[in-house]
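Below: the structure, in structure tokens.
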Amino acid sequence: MCGIIGYVGKEKKSLHVLMSGLKNLEYRGYDSAGIALKDKENITIIKAQGKIAKLENKLKNVKNTHLGIGHTRWATHGEATEINAHPHEMENITIVHNGIIENYEKIKRQLIKEGYKFKSETDTEVACALFNKIYKEEQDKLKTLKKVNTILRGSYAFGILFKDDDRLYAMRKDSPLIIGLGKDENYIASDVPAILEFTNKYILLDKNEYAVLDKENICIYNDNLEKIDKKINTYEGSKEVAMKNGYDHFMIKEINEETTVFDNLLNQFDMSSIEALTKSMPKLKKYEKIDIVGCGSAYHAGLVGKSIIEEYVNIPVNVKIASEYRYNKNFNDKKTLTILISQSGETADTLAALRKTKEKGFDTLAIINTVGSSIAREADNVLYIKAGPEISVATTKAYSAQILMLILIALVMGYSSNNISKTKSESILKDIKMLSESIKRTLNKENECKKIAKKLYKANDIFYIGRSIDYSLCMEGSLKLKEISYIHSESYAAGELKHGTISLIEKNTPVVAIVTDETIEEKTISNIKEVKARGANVTLITTDKILKKYKTSDFYDQCITINSKEITTSIHIATILQLTAYHVANFKGLDIDKPRNLAKSVTVE
């Protein structure tokens, strides 16, 4: 949620850095954007409602400087208006903020009593006024930051300008913030891709830490205001990875990157034998129960993982939505492994669930994309999916990579517990190693997906049906479609249709049916025939092997098949669903990478 960029360095460069950074952070929010540029005497603020292009149109006659901060907003408190856009200023202080201040209303009431007046509806302007009030009392900038940190409740990262100082200040609690290191210039940002045009060297700012930057120095302080040394990291990827490279949208580019992602994920392990793979993964043999926790697509990946782990390991797996898990009573013990799944590693509810689990002393394993993120640092063990930057808000390659990682966990645990023989384990391992090659065949079905999309894009309602693991895939397919096309879609367990849902089926109602589980294929096809008999227009997604068993096509209107090994079938189906959703949204002419009301990384509750 929201993106922060800040720069201090060379004269007449801040405007270029801030706008470049905001464009690379726009996936974090695009309700409004703004910048603040500081010269020796003044701070100039320019803001615009809407996407960054609207802000850019207002900058033609703006005087460039050596110091500034910028922000792209995903609205939380207050509508998406220019007056609610960041930066916010209050007398001596100008700030940008990512996060939510939970006790802002109480603070605001007190500040109003003291004579402060507010223009916006935001919690951020309240925080800015609090900074100003404390600074006038303390007359010390670091002490001001620390005292504000003791008063505010919630999650936040701040970039801060003081009117009487030519340095850039930053602080964070829970919301992500990094410090970039350049030659005679330094940066702050919510995420590394924002600064890759200028540097790949960065420092991870931790919870309750403060930073003071000028063009030559970076000073980091802990919560006791003691100066501390921090590790300088080097980002392994390239700026080109975060560019479209000729594709119309990041989403379709990222779908096509799945072959590379799978290779990168597998290459971090010794895949030469099942014993070698087991040794290169965390020790998992002792666990007799697994809780998988995630939000959105990560939760859906967990549901797919549940089916695979239960089949290959023969232990119970519970999958919980992170925002529910943290408040529910959870029956863990020392033989329970809690797996946290998050692309960004900063998802607020998932991070809170992790901390709750660790407080109880139970083991945690994180499946993460972003190296060095909060969840990755705090979990007992971490497995990286190696998907690289994912810019499109709708996740594709990261979701598929999360499933692949869960497949590896299932294989290792199944072998370690003697639930799968060595011979079968080696055979499965061989199939997994062929994934990046076999997924190319599925990607080559894009034109078939496009034809299906052309039949779907004018629909008002679409239903996805399946059983068991196929139902889990339906949930993701439905989410992918609705979040980028704005078509109302629902996923249903096919066996539940007769218990109410089938009343919604009428002539030409689009139904997408997934059938890959051979043990229950006949049951699912019976359910498909039920909706077909009531006039539904059915798109069947299945395997070559299953379709060959049926001599008639009277239970579907169009069909896409995949040819894959059983262990990786779910990943191939996911790719078909992603391609179809993409082309539905593209036929509608929508902004696919930046769907309305959504942001890439949900760092607030």
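Any read-out appearing in this document is the output of simple, stated calculations on the displayed coordinates, not a laboratory observation. Being a predicted model, the structure only gives us computed values, none of them experimental. Cβ sites come from the backbone with ideal geometry, for glycine too, and all protein chains shown count toward neighbours.
Each of Ile409, Phe118, Leu365 was placed along the dipole of the chain (beta-carbon charges, centred on the mean Cα), and the one lying farthest toward the positive end is Phe118.
Over 18 Å between Cα atoms, which of Lys455/Lys529; Lys397/Lys480; Lys529/Lys549; Lys207/Lys231 qualify? Let's see the in-between values first.
Working: Lys455/Lys529 20 Å; Lys397/Lys480 12 Å; Lys529/Lys549 16 Å; Lys207/Lys231 15 Å.
Where the Cα-Cα span goes over 18 Å, the pairs concerned are Lys455/Lys529.
Under the simplified labelling scheme, the Glu359-Leu504 pair shows an inter-label distance of 3.7 nm, with each label point 7 Å from Cα along Cα→Cβ. In straight-distance terms, cross-link reach from Lys285 covers every one of the aspartates and glutamates whose alpha-carbon lies under 17 Å from its own, apart from those fewer than eight places away in the same chain; here that gives Glu275, Glu310, Glu311, Asp333, Asp363, Asp380. Label sites at Asp223 and Lys136, each approximated as a point 7 angstrom past Cα along Cα to Cβ, lie 2.9 nm apart. In whole Å, what is the distance between the alpha-carbon centres of region 60-100 and region 456-516? Using only Cα atoms to place each centre, the spacing works out to 41 Å. As a proxy for reagent exposure, Lys146, Lys551 were ordered by neighbouring Cβ count within 10 angstrom, fewest first; the result is Lys551, Lys146.
Cβ crowding within 10 Å, taken as a proxy for footprinting-reagent exposure, orders His86, His488, His97 from fewest neighbours to most as His488, His97, His86.
Beyond 30 Å in Cα-Cα separation lie the following of the pairs Lys523/Lys588; Lys445/Lys532; Lys430/Lys594; Lys215/Lys253; Lys38/Lys173; Lys108/Lys329: Lys523/Lys588; Lys430/Lys594; Lys215/Lys253; Lys108/Lys329.
Report the full-extension gain for the segment Glu437 to Asp380: residue separation times 0.36 nm, less the Cα-Cα distance, to one decimal in nm.
Details: separation 57, 0.36 × 57 = 20.52 nm, distance 3.31 nm.
Stretched out fully, the Glu437 to Asp380 stretch lengthens by 17.2 nm.
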